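The values are calculated or read from the model by the stated rules, or taken from the named source; none is laboratory data. A quick note: this is a predicted structure, and the numbers were derived from the prediction, not measured. Don't worry about glycine lacking a Cβ; one is built from the backbone with ideal geometry, like all the others, and counts go over all protein chains shown.
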Amino acid sequence: MAIYYQAGELSFMIHDYQHAENMAGNVGGSDSAVAFVKQVNALDNYDDKTDGLYAFNIINSGNLKALKLFHDYCWKIAVLILNIQSVVDVNKVAMGGGISAQPKLINGINQAYDELTKRKNPMIGATLVKPKIVKAHFQNGANLFGALDNLLLQINHENKYALN
């Protein structure tokens with residue numbers, strides 16, 4: 001039974017213990033979609049560092065440095081998925097947020113996962129069943145639907161976990 005209802009925030013996972021301060025070695029510090037988009041947009045000296053559409057325009061144009069950043073990002077996410085899968089038996093991983101609207105992202109993560117488990121670590125690929133890696137149904141709107149659902153539960157006095 002859940003006690004604190006805090007699980008699921010992957011940003012807090014530490015993957016580089018030597019840089020555990022201030023989220024630098026955490027998934028949320030170095031592997032976030034926002035950080036990735038900022039890196040790509042910096043290649044083009046674009047003013048709006050958080051513009052994901054612009055970043056994917058650079059990637060889709062064939063810019064080699066942007067493609068390298070994209071491949072590295074997909075690789076990081078594939079490793080994260082594999083690490084989760086080694087602890088929790090999941091059959092599907094849904095990628096959310098605005099970045100999930102990019103079909104290239106889901107394809108890239110699937111390719112990186114296959115490379116990781118078939119070429120780099122074939123024993124893992126022969127042992128674990130690959131989860132389906134898909135885009136989340138609500139994509140960037142998921143947080144809004146969750147907030148609305150929580151509000152409606154509180155208004156209707158149905159949320160026994162409300163913080164009163």
**Asked** Identify, please: which residue in segment 27-51 is over 30 Å from Tyr17 (Cβ atoms) and of a type outside the set (Phe, Trp, Tyr) and is, among those, nearest to the chain's Cα centre (by Cα)?
**Response** Asp51
**Fill in**
Expected output for segment 84-96 (first residue on the phi < 0 side of the Ramachandran plot and part of a strand (DSSP E or B), partner modelled with pLDDT of 90 or more and surrounded by 14 or more Cβ atoms within 10 Å (Cβ to Cβ), Cβ below 6 Å, 6+ apart or cross-chain) is Lys92/Pro131; Val93/Ile81; Val93/Pro131; Val93/Ile133; Ala94/Val134; Met95/Lys135
**Request:** Please determine, by comparing only the residues of segment 114-138 that are over 22 Å from Ala101 (Cα atoms) and among the small types (Gly, Ala, Ser), which one is surrounded by the most Cβ atoms within 10 Å (Cβ to Cβ).
**Result:** Gly125
**Prompt:** at pLDDT 90 or above, of a type in the set (Asp, Glu) and either out of contact with any Leu (no Cβ under 8 Å at 6 or more places or on another chain) or farther than 20 Å from Asp31 by Cβ (or both), is that true of Asp149?
**Reply:** no
**Complete:** Checking Asn110, Asn150, Asn91, Asn143 in turn, the sole residue that is exposed (fewer than 14 other Cβ atoms within 10 Å of the Cβ) and within 23 Å of Val37 (Cβ to Cβ) turns out to be Asn143
**Asked** Out of the residues in segment 53-78 that are surrounded by fewer than 16 Cβ atoms within 10 Å (Cβ to Cβ) and among the aliphatic types (A, V, I, L, M), which is farthest from Leu10 (Cα to Cα)?
**Response** Leu64
**Asked** Does Ala78 satisfy the criteria of being assigned to a helix (DSSP H, G or I) and without any contact (Cβ under 8 Å) to a residue 12 or more places away in the chain?
**Response** no
